[in-house]
Amino acid sequence: MTDSKANKLGPFVVLTFIYFVVGFLTTVNGQFQGPLQVAFLSHADAIRNTLTTMISFFFFLGYLVNSSLGGRWIDTKGYKTTLLRALMIMIGGLVLYSLSSFIAMQWGMTGVTLGEDLVPWGYFVFLLGSFFMGTSAAILQVVINPYIAAYNLPGTKPVQRMNIVCAINSIGTTIAPFFVTGVIFAGVAMEAVMPGQLLIPFLVIAAVMLLVTGVTSRLYLPDIKGTRSDAGEKLPRSVWSFRHLALGVVAIFFYVGTEVSIGVNVNLHAMQMIESGHRLSFFGLENIELAGLNLGIPALLATLYWGGMMVGRLVFSFFPKIPPRRLLISVTSLASVLVILAMVLDNLWILVSVGLLHSVMWGCIFTLAVAGLSKYTSKASGIFMMGVFGGAVFPLLQAVLADSLGNWQWTWSIALLCELFMLYYGISGCHVKDSEALANLRAEAPGDPGM
């Protein structure tokens, strides 16, 4: 760290709160798939599922296109400046969300005909806002992940700190489905959702984030030595030359693919089951009401999934001595079994229980992927975040398959494929074989079995 203040709690708390915001708004974006399917795509039939999941596709496209930008900004401008730029991009995305609502209110269902489907202009503006939000989330995580992993907070280990911030992130993802259903759409029935309900809530959130950006600009956020190249320094090799990092990028591609597929598509699967006459209930209740608001089974399923991730991260943060490799192998093995059971039995309650196991996969994979990278870490973090594009690819592939098959049941085989690759990464792909990385590991933690 740059000075004696570096090991204090303040910067850790600031970044943890921003990570909460990232989780909250990421899930809010995904939870708009169901409501916007009604509000914007009421005249779309042939490719409705595909158009709906394009919302998540564009969000995670921001990761693929702009993650490396975050790494470059960190090297040239530092962590704090990069953080503030990312927050301003987030505000722009929120304004675009509100603009999509305004356009829908003014011009209604005028838009573009795609095949047999009419798609309004407001839908496309929302997609652009989703891309901005994904870009912001990507750059924020490029800042936060290596910072938290390297931040020398006394009495903690890197994987433990990652689990703590991910647990706070999961609090945001857990409350987001009910925020969409109960606040933005005011608990109205799904078939009565209107795009005009987006305008004010997102302007309010944009104003809050503007305030957060102003406060953050005045806070002390020290730089971290040894995690980025110096200004003008040219690194002698490509970060892709580190095998365990390259495979880690692929592993996170599959991880976010299955995480997001379950988190956002379980709603659509539940809605389809209800529409086909299948009864979905929670302890005998088919309607879930909270403070007079009908929140519905689809929102409850999503909340239980993201809530399981929150609980898992909180629990595992108290067990920092479990090696991340051993933990990754255990949770991916069990997750694979649960996905198979859920698919065979067509049971969504079993499916959402996988969230408890997904809770620690991110922290394990990131810790293993950047092990021993030293001054390559900031660039590696940018490259690593490109793998989050899996959150765009796999939900969309699953939706295309659902449109083809006419149902969602067997489309969860895509999630199973993702679990199996992560199991491979834990068993074999994460081994550090590069001599430079091995030397860095020994220097950083002599005598520590580490991974």
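Laid out as a table, the results:
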| read-out | value |
| --- | --- |
| Neighbourhood net charge (14 Å Cβ-Cβ; Lys/Arg +1, Asp/Glu -1) for Ile340 | -2 |
| Portion, in percent, of the accessible area of the stretch 137-183 that falls on carbon or sulfur, probe 1.4 Å | 68 percent |
| Efficiency of FRET from Cβ geometry, Ser413 and Ala207, R₀ 60 Å, rounded to 0.05 | 0.85 |
| Environment charge at Val354 (Cβ cut-off 13 Å; Lys +1, Arg +1, Asp -1, Glu -1) | -2 |
| Computed E for Leu84/Leu341 - FRET, C-beta separation, R0 35 angstrom, nearest 0.05 | 0.15 |
| Projected label distance in nm at Leu334 and Ser276, using a 7 Å step from Cα toward the beta-carbon | 3.0 nm |
| Residues Leu405 and Ile427, FRET efficiency given R0 of 22 Å [Cβ-Cβ distance, rounded to 0.05] | 0.10 |
| Low-density loop cleavage sites - trypsin sites (Lys or Arg not before Pro) in the stretch 298-376, where at most 14 other Cβ are within 10 Å (DSSP) | Lys321 |
| When each of Lys80/Lys433; Lys77/Lys433; Lys80/Lys321; Lys80/Lys379; Lys77/Lys379; Lys321/Lys375 is checked by Cα-Cα distance, pairs over 23 Å | Lys80/Lys433; Lys77/Lys433; Lys80/Lys321; Lys321/Lys375 |
| Listed residues Ile200, Ile350, Ile139 arranged by accessible area, highest first, probe 1.4 Å | Ile200, Ile350, Ile139 |
| Accessible surface of Ser330 - all protein chains present, 1.4 Å probe, nearest 10 Å² | 70 Å² |
| Area accessible to solvent at Ser353, 1.4 Å probe radius, in Å² | 50 Å² |
| Cα centroid separation - the stretch 369-432 against the stretch 315-365, whole Å | 14 Å |
| Protection proxy ranking of 427-435, 390-398 - average other beta-carbon atoms within 10 Å, highest first | 390-398, 427-435 |
| Highest average packing first - 148-155, 414-421, Cβ atoms within 10 Å | 414-421, 148-155 |
| Equivalent-ellipsoid semi-axes of the stretch 120-174, from the Cα gyration tensor, Å, largest first | 32, 13, 5 |
| Accessible area of the stretch 84-177 divided out per residue, in Å², using a probe of 1.4 angstrom | 32 Å² |
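The values are calculated or read from the model by the stated rules, or taken from the named source; none is laboratory data. Note that the coordinates shown come from a computational prediction; the quantities given were computed from them, not determined experimentally. Cβ atoms come from the backbone with ideal geometry, glycine included; neighbour counts cover every protein chain shown. What goes into the accessible areas is simple: the full protein's heavy atoms, side chains included, and nothing from ligands, DNA or RNA. Shrake-Rupley method; radii C 1.70, N 1.55, O 1.52, S 1.80 Å.
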